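Student: Provided herewith is a single structure, encoded as structure tokens, for subsequent inquiry.
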Amino acid sequence: MRLLVQRVAGASVEIGGEAVARIGSGLLVFVGVGLDDGEEDVEYLAGKLVRLRVFDDAQGVMNLDVLQTGGELLVVSQFTLQASTRKGNRPSYVRAAPEPVSRPLYERFVARVGELAGREVATGRFGADMQVALVNDGPVTIWMDSKNRE
């Protein structure tokens, strides 16, 4: 499972011109589920996400997590995070889990983040053609991969 996490001043998701989610300051999280992902990947990344210290403390040091700042969370499914660009110029998505596998894991990830955060998590719509707008704060963008825990 892969996450692309962005610290944002605000973010929103529209589908067909309709606003479906909007947050203020917090984290926008894109989630890509791979073929061999499971509950362990969900648990690992949900825990890392809510404890990720990327918000400034009183001294201006990134030392606080989203819970400590009262930040909001917006989680969006994005199978293209599983792209392989090793060969040629056209990305391959053979590592992305099919919908019957990826949808339940995505939904479990959202639920687990909500449990750990103790608050509602805004989402896009799984599998939809979404327009995501954001104001990256910093900019701060973090890549996390449950199979490459560095």
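Student: Which strands (runs of 3 or more DSSP E) does the range 14-85 wholly contain that include 2 or more residues that are open to solvent by less than 30 Å² (accessible area, probe 1.4 Å) and more than 22 Å from GLU99 (Cβ to Cβ)?
Tutor: 26-32
Student: Out of the residues in the range 79-114 meeting the condition of being of a type outside the set (Gly, Ala, Ser) and in contact with a Pro (Cβ under 9 Å, 6 or more places away or on another chain), tell me which one is nearest to ASP41 (Cα to Cα).
Tutor: For the range 79-114, the residue satisfying everything is THR80.
Student: Hey, can you tell me all the residues within the range 1-41 that are among the acidic types (Asp, Glu) and in contact with a Ser or Thr (Cβ under 8 Å, 6 or more places away or on another chain)?
Tutor: ASP37, GLU40, ASP41
Student: Looking at the structure I just gave you, is ALA111 loosely packed, with under 14 Cβ neighbours inside 10 Å, without any contact (Cβ under 8 Å) to a residue 60 or more places away in the chain and in a loop (DSSP other than H, G, I, E, B)?
Tutor: Criteria not met by ALA111.
Student: Do we have ARG7 as open to solvent by less than 80 Å² (accessible area, probe 1.4 Å), part of a helix (DSSP H, G or I) and among the basic types (Lys, Arg) here?
Tutor: Values: open to solvent by less than 80 Å² (accessible area, probe 1.4 Å): yes; part of a helix (DSSP H, G or I): no; among the basic types (Lys, Arg): yes.
Spelling it out, it is not the case that ARG7 is open to solvent by less than 80 Å² (accessible area, probe 1.4 Å), part of a helix (DSSP H, G or I) and among the basic types (Lys, Arg).
Student: State the number of residues belonging to the range 94-108 that are in contact with a strand residue (DSSP E or B) (Cβ under 9 Å, 6 or more places away or on another chain) and surrounded by fewer than 14 Cβ atoms within 10 Å (Cβ to Cβ).
Tutor: So the count comes out to 1.
The values are calculated or read from the model by the stated rules, or taken from the named source; none is laboratory data. As the structure is a computational prediction, the values presented were derived from the model and not from experiment. In this analysis, Cβ positions are derived from the backbone assuming ideal geometry, glycine residues included, and neighbour counts consider all displayed protein chains. For the accessible areas, the whole protein counts, side chains as well, though only heavy atoms, and no ligand, DNA or RNA atoms are used. Shrake-Rupley method; radii C 1.70, N 1.55, O 1.52, S 1.80 Å.
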